[in-house]
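The next block holds one structure in the form of structure tokens; read it before the comments.
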Amino acid sequence: MSALLEVLEKRYSCRAFSEQKVDEELIDEVIRAGQLAPSACNLQPYVFYVVTGGSMNVLSKIRPWYGAPSVILGCYCADRGWVRGSDHAEFRQFDLGLAMGQMALRACDLGLGSCFIASFTAHEIQSALKLPVEHCPEIGLALGYAETAGNSGGPSAQHFKRKERHQILFFRA
């Protein structure tokens, strides 16, 4: 099995983190994976905020982050991004999703746990962290070391449920 496929199979939504901080060099590696993501016309219509320390305390008052010591907050840029001419569909959120997905996979590859979290009120986070109005918080990637003590660590049973190939794949020739 390829190393990439191993990471794809291994990554899960971690919902219990240890208190151990993540070294800045590892966070840089995770961000680098996001920088390498494809985006429509290579416009890269997003920015990332690494939230730690006191700002993490502020963020945790808005909603819990499963005890993660850090969050990478993915924000799309309201004033940028490719728009399909035929129907005016905007791709900035799709592009951000690609970048965040690559970051989650790289985190796993580096031995870190991660969990995507989007259940928050964007303007509340924007205000609390004093983000520029054009940086719209879309998704957070809770990031840290998975808690291994007790029954709180590891993937949930739902993680292993996947649709069958015939349910998701169709061909037209």
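Miscellaneous remarks
- Span-like helix ranges in the chain, DSSP H, alpha carbon extent 18 angstrom or more, Kyte mean at least -1.0: 92-109
- Given charges at beta-carbon only (K, R positive; D, E negative), |dipole| of the chain in Debye: 580
- Euclidean distance of C-alpha centroids, region 3-25 and region 61-82, integer Å: 17
- Panel order for 56, 103, by other beta carbons found within 10 Å of each beta carbon, from fewest to most: 56, 103.
- Mean silhouette area of region 1-116, derived from the convex hull of its C-alpha atoms and averaged over all directions, reads 8.7 nm².
Laboratory data are not the source of any read-out in this text; all were calculated from the coordinates shown. Keep in mind the model is a prediction, meaning the values are calculated, not measured. Neighbour counts are summed over all protein chains in view; Cβ atoms, including those assigned to glycine, are modelled from backbone coordinates with ideal geometry.
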